[in-house]
Amino acid sequence: MSTPAIIVAIISFALGALLALLMIPVLVWLERRGAGLIQDRLGPNRTNVGGFRLGGVVQSFADVIKLVLKEEYYPKHIAKGRWLMMLAPIITFVSALLAFMVIPFADTITIAGESLRVQPLPVDYGILWFLAIGSIGVIGIFFGGWLSHNKYSLLGASRAGSMMIGYELPLGLSILSFVITYNSIDFNAMVAWQSQTLFGFLPAWGMIVQPLAGIILIISLFAETNRAPFSVAEGESEIVAGFFTEFTAMKFAMFFMGEYVAMNTASAVIITMLFGGYQLPWVTTETLLNNFNNFAWSIMALLPIIVLLVIRWMRKNNRVRPSVTSDGGRAFETKVLSIALVVMTLFVEVILLYLTLIPSTLGSSIAIALFQIATFVVKLMIFNLFFILVRWTLPRFRYDQVQHLGWYYLLPLSLFNIFVTAIVVVGVSL
Amino acid sequence: MSQRVKVVPRYGATIKEKLYLPAIFKGMKITFKHLIDNVSDSNAIDTLEYPEEQPSDITSRYRGLHRLTHRDDNSIACVACFMCATACPSQCIFIEATQRDDGQDEKMPKLFAIDTLECIFCGFCVEACPCDAIRMDTGIFSLTGNSREDFVLGKEQLLSHRGLFGEEKSHARK
């Protein structure tokens, strides 16, 4: 392995771990804050470190400290083998984390004639890995529910298990129709296929090429990740807290965080398979590389505008109301963050200016990879927000309705879709 | 009879409604609009930043923390008749009577305590009092303490509370 290959592998692995793990506090914050703002409340906005609130993200870290310090409670019947009780949330968490590791964050970059994947696990069978590892998570749930020796936990766990069976089929079948369309099981090749255009003006995103399979995929992933409106496994109105009724402190937190990692993974899979992954519509990596100067100039023009808008929004919202006298360091925070944003913008502008004035293939391909990573993160956040918005819009389905939807509608529809896809693909290739 | 029957329309029969997705997007549009409105101006949300901003809508009928009133000569209005303690449904008023030496009346409380942890703030004591000696017009809605004993309010503390709505003294007895 050459040096650039090792560097790219380490960077993409670190990026994958960061995007999955650092996203947890952000997502917990986004969920609570988003719920508040949707319901015309404010949400957590007070916890601060020296006046720095970052809009409330600090609250998540305070919550982690609280959960670590809480009492470790074990049900009475677990006298020996407490590690089994710890193993359950770890299985769920790790499987969600590992499933995230095959998502490509940028196109393969070519350094010194060697094409390198920007993918934490550089494999070309990504979708199979996702299906195999992603469904292990339910074993942890079932394990925990059964081990709890509690009828609510067992009910919740068996709900999760039966829902997994019910929705894994439409999920797999809709993914199969995408595999037929893209003619590949490699996430990177899927994104490359999606950066084409349809009829010359539509981006060939999976959602546009295969709308039915796309909707089935999104619905099944909602069910897979146990998110509302399919969160029957923890349905607290009927079965207390479902499978994690008996779990306390960090063991509960692992289940809780695993849910968010799974949601993040589901968002990543949805954007990679349906919404063009790390690519912007109409723009392929070759186009970007061939017109690097135009790309750099447009980024240089757009970035200050976006940063200015962000700073204006921050100055408007990161302050107390006129009736409150003490500011609590908000003005100082706004000032420091604005300066940091401006400095970062200037840094990016200088680098892009340097790359346009003194062109180098290596520099421009790295810049484009970074741009694609940024695009991916933005899309990821938009889809996580979509997950949160759905949770705070829709009530939970009744358990039998969930099963009915899965078996009677999604499964036949996905089979029908495969049939049509196969006919069209064979017809086109004839 | 037949004219008063209101026919409620049955929804959910058309294909559009059976698909669910249009209705889901309709709902998402509403929540998304709320989200965007509140993100763009979070200070316009109609909530109180509580400890810094205090509620301004406490009316004169609000049952706040109790107080014992004074007469015009600043002596205690209570005559220790035990009416409030009798009326109290949660039995949280404790009175011990004593001889009154100021020539105003025969009795006054030596000890008057309200256990606010037991109190349900029903206002029956205020209704029962024949001397207008106990009122709940202080507008105090929060009481904090570090031990259970902190929540048992004594005579001195109850006398020290001030009314929020102007009527300070009790004129029930001269």
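Put simply, the amide H of A:Thr110, placed in the peptide plane, has neighbours under 5 Å in A:Leu116, leaving out anything fewer than 5 places away on its chain. From largest to smallest, the equivalent ellipsoid semi-axes obtained for region A:153-287 from the alpha-carbon gyration tensor read 35, 15, 11 Å. Comparing A:Val310, A:Val138, A:Val269 in a Gaussian network model of chain A where C-alpha atoms under 10 Å apart are linked, the largest mean-square fluctuation is found at A:Val310. Give the cross-link partners of A:Lys151 among the lysines, using a straight C-alpha distance below 24 Å as the criterion and excluding same-chain residues fewer than 8 apart. Leaving aside lysines fewer than 8 places away in the same chain, those within reach of A:Lys151 are A:Lys76, A:Lys80, A:Lys251. Take each residue in A:305-316, count the other chain C-beta atoms within 10 Å of its C-beta, and the mean is 1.
Only helical runs count toward this figure. For the protein assembly as shown, summing -39,500 (n - 2.57) over DSSP H runs of n ≥ 4 and dividing by all residues gives -17500 deg cm²/dmol at 222 nm. Taking the fewest neighbouring Cβ atoms within 10 Å as the starting point, the ordered list for A:Tyr167, A:Tyr73 is A:Tyr73, A:Tyr167.
Using Cα centres only, tell me the gap between region A:334-379 and region A:191-214 in whole Å. Taking the Cα centre of each part, region A:334-379 and region A:191-214 sit 29 Å apart. With a cut-off of 8 Å between alpha carbons and a minimum separation of six or more residues, what is the relative contact order of chain A in percent? 23 percent.
Annotation: the residues A:Ser184, A:Ser237, B:Ser60, sorted from fewest to most other C-beta atoms within 10 Å of their own C-beta, follow the order A:Ser237, B:Ser60, A:Ser184. Since only A:Thr272, A:Leu131, A:Gln59 are under comparison, the one whose Cα sits farthest along the positive direction of the charge dipole of chain A, derived from C-beta charges on Lys, Arg, Asp and Glu, is A:Gln59. Counting only residues at least eight positions apart within a chain, or on another chain, the aspartates and glutamates with an alpha carbon under 20 Å from that of A:Lys316 are A:Asp40, A:Asp327, A:Glu333, B:Asp37, B:Asp41, B:Asp46, B:Glu49, B:Glu52, B:Glu53. Shielding of peptide A:32-40 by partners, expressed as the average count of other chain Cβ atoms within 10 Å per residue Cβ, is 5.
For B:Lys110, the lysines whose Cα comes closer than 17 Å to its Cα, not counting residues fewer than 8 places off in the same chain, are B:Lys155.
Per-residue mean of foreign Cβ neighbours for B:42-53 is 5 (Cβ atoms of other chains, 10 Å radius). So for the pair A:Arg46, B:Asn43, with labels modelled 7 Å out along Cα→Cβ, what separation do we get in nm? According to this spin-label approximation, the distance is 2.0 nm. Taking chain A as a Gaussian network of alpha-carbon nodes connected by springs under 10 Å, the highest mean-square fluctuation of the residues A:Gly126, A:Gly242, A:Gly328 belongs to A:Gly328.
Once the convex hull of all Cα atoms in the protein assembly as shown is built, its volume per residue stands at 254 Å³.
Per-residue Cβ neighbour counts within 10 Å put A:Val8, A:Val377, A:Val350 in the sequence A:Val350, A:Val377, A:Val8, beginning with the fewest.
Here A:Trp407 and A:Tyr74 are evaluated by their C-beta separation; at R0 = 30 Å the FRET efficiency comes out at 0.20. Comparing A:Gly16, A:Gly43, A:Gly258 in a Gaussian network model of chain A where C-alpha atoms under 10 Å apart are linked, the largest mean-square fluctuation is found at A:Gly43. Spin-label pair B:Ser160-B:Ser56: with each label point 7 Å from Cα along the Cα-Cβ axis, the two points sit 2.9 nm from one another.
Every number in this text was worked out from the coordinates using simple rules, so none of it is lab data. Keep in mind that this is a model prediction, so the values were computed, not measured. Cβ coordinates were reconstructed from backbone atoms using ideal geometry, including for glycine residues, and neighbour counts include every protein chain displayed.
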